[in-house]
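The values are calculated or read from the model by the stated rules, or taken from the named source; none is laboratory data. Owing to the predicted nature of the structure, the values given are computational and were not obtained by experimental measurement. Reconstructed Cβ throughout: ideal geometry from the backbone, glycine too, with neighbour counts over all protein chains shown.
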Amino acid sequence: MPDFIKPLYDLDVIEGKEAVLKCKVAGLPYPTIVWFHNSDSLLAESSHYTFVYDDNECSLVVLNACPEDSGVYTCTARNLAGSVSCKAELTVHEGKKIKKRLTDHYDIHKEIGRGAFSYVKRVTQKLGKMEYAAKFVSTRAKKKASALREMNLLSRLDHERIVYFHDAFEKKNAVIIITEICHEELLDRFIRKSMIMESDVRSCVRQLLEGMDYLHSRNIIHLDIKPDNILMADPHSDQIRICDFGNAMVLTPDEAQYCNYGTPEFVAPEIVNQTPVSKASDIWPVGVIAYLCLTGVSPFAGENDRSSVLNIRNYNVAFEERMFAELCREAKGFIIKLLVADRLRPDTQECLRHPWFKTLSKGKAISTEGLKKFVSRRKWQVKQRSLISYKSKMVMRSIPEL
């Protein structure tokens, strides 16, 4: 059976440069080597691609790399004993989007947020004095290819429910993504009031699904849908923006893809169980958020992250009548349809056609006391982990390690 002595590694290059993906393979008889781009495109020697074989080292050289060359490359080694494959991701980014120095163009102000691999600062453009948010993605804690992938993905998105991409920079140890600035998270908006209406929640959930429908139509899954990543567009608007694409993936047809990271209480069961993710993995947290906002209770919250994950694995969720007594029955029915096994979950279009979104009444006035307790609890949990997760409200964790 062939064996990869040295596998392929992720690589990022600037447009126009040469990209070289290398691996070492052994086997008796010596295997035949074939290369694929995005699983289904068999590569052949050409003026753009060339193959170099030196003893047991195999190299794919992409000449004059362009953004269309980005993607997953697979090297497959085959002989009479069988075949094995290894993969790596190539990211080709446009040089014009990477400027020399952030401080040449922006004044940097105070930190306004922090995540597992990044932090966010408010910045002001020197020309025009417009305010933006600058997300500094560490390329020490996270592979540079992954950080550049987030930048490239966000730069291609254009939808009113997605945070607006403005600019990008690269430093030695960070990729900096400049986006529109949103000053308030969804739950912060809600808990400023003593009561919210069921229609307020319904409107936000509808907008969330509209943004996800746009992403899913482009085979992009977010994989970190949670209240922290739902922002209010501005203080005087009820429009939302989905942010933080650090965990997002582009789905590859006929290829099983997995996700190791997520925020306990909001991850889908397939992430907990380490089975393949899909568009349905983004639908689950919509149900969790709807449940939380309508009842003030986080449906899978346990005493700690591990117990929350176990509750998700075992589908331990209560639909007690008293919790939904004054809500319209369509609201409860909507949540029930989402918090099921992935193969049974509706897609975004089916969700948007649900009778709950056809309801015209404002519905019940809901106390925000439960939401206030939830936000307070999350802040307290963060303080307990402050040495490793300073200022992060809901920290992504390695789910398999819980």
Problem set entry | Residue ID - nearest to Pro299 (Cα to Cα), chosen from residues in segment 215-259 that are among the β-branched types (Val, Ile, Thr) and not in a loop (DSSP other than H, G, I, E, B) | Ile230
Problem set entry | Every residue from segment 118-168 that is surrounded by 20 or more Cβ atoms within 10 Å (Cβ to Cβ), within 14 Å of the chain's Cα centre (by Cα) and assigned to a loop (DSSP other than H, G, I, E, B) | Val163
Seminar exercise, completed: Scanning segment 335-371 residue by residue, those under 24 Å from the mean Cα position of the chain (by Cα), crowded, with 16+ Cβ neighbours inside 10 Å and without any contact (Cβ under 8 Å) to a residue 60 or more places away in the chain turn out to be Ile335, Lys337, Leu338, Leu339, Val340
Exercise. When you scan segment 16-92 for strands (runs of 3 or more DSSP E) that lie fully inside it, which ones turn up with 1 or more residues that are at pLDDT below 90?
Worked result: 49-54
Exercise. Pairs under 6 Å by beta carbon, first residue over 9 Å from Phe136 (Cβ atoms) in segment 110-121, partner of a type in the set (A, V, I, L, M) and modelled with pLDDT under 90, six or more apart or different chains?
Worked result: Ala116/Val395; Ala116/Met396; Phe117/Ala141
Exercise. Hey, Ala81 hits all of (1) in contact with a strand residue (DSSP E or B) (Cβ under 6 Å, 6 or more places away or on another chain); (2) under 23 Å from Ala26 (Cα atoms) but one; which does it fall short on?
Worked result: (1)
Problem set entry | Failed condition for Arg306, given (1) farther than 21 Å from Arg377 by Cβ; (2) at pLDDT below 95 | (1)
Exercise. Taking segment 208-231 on its own, how many of its residues are surrounded by fewer than 20 Cβ atoms within 10 Å (Cβ to Cβ) and over 29 Å from Pro253 (Cβ atoms)?
Worked result: 0
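Could we say that Arg189 is surrounded by 14 or more Cβ atoms within 10 Å (Cβ to Cβ), not assigned by the TED database to the domain that holds Phe374 and not aliphatic (A, V, I, L, M) here?
Details: surrounded by 14 or more Cβ atoms within 10 Å (Cβ to Cβ): yes; not assigned by the TED database to the domain that holds Phe374: no; not aliphatic (A, V, I, L, M): yes.
Against the criterion (surrounded by 14 or more Cβ atoms within 10 Å (Cβ to Cβ), not assigned by the TED database to the domain that holds Phe374 and not aliphatic (A, V, I, L, M)), Arg189 does not qualify.
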For this session: Go through (1) surrounded by 12 or more Cβ atoms within 10 Å (Cβ to Cβ); (2) modelled with pLDDT under 90 one by one and return the number of the condition Tyr9 breaks.
Result: (2)
Problem set entry | segment 372-385 residues that are farther than 18 Å from Gly115 by Cα, paired with ones that are at pLDDT 90 or above and part of a helix (DSSP H, G or I) (beta carbon under 7 Å, 6 or more apart) | Lys372/Ile191; Phe374/Leu292
Seminar exercise, completed: Val395 vs (1) part of a loop (DSSP other than H, G, I, E, B); (2) surrounded by fewer than 17 Cβ atoms within 10 Å (Cβ to Cβ); (3) modelled with pLDDT under 95: all pass except (2)
Seminar exercise, completed: Taking segment 352-373 and keeping residues β-branched (Val, Ile, Thr) and not in a loop (DSSP other than H, G, I, E, B) leaves Ile366
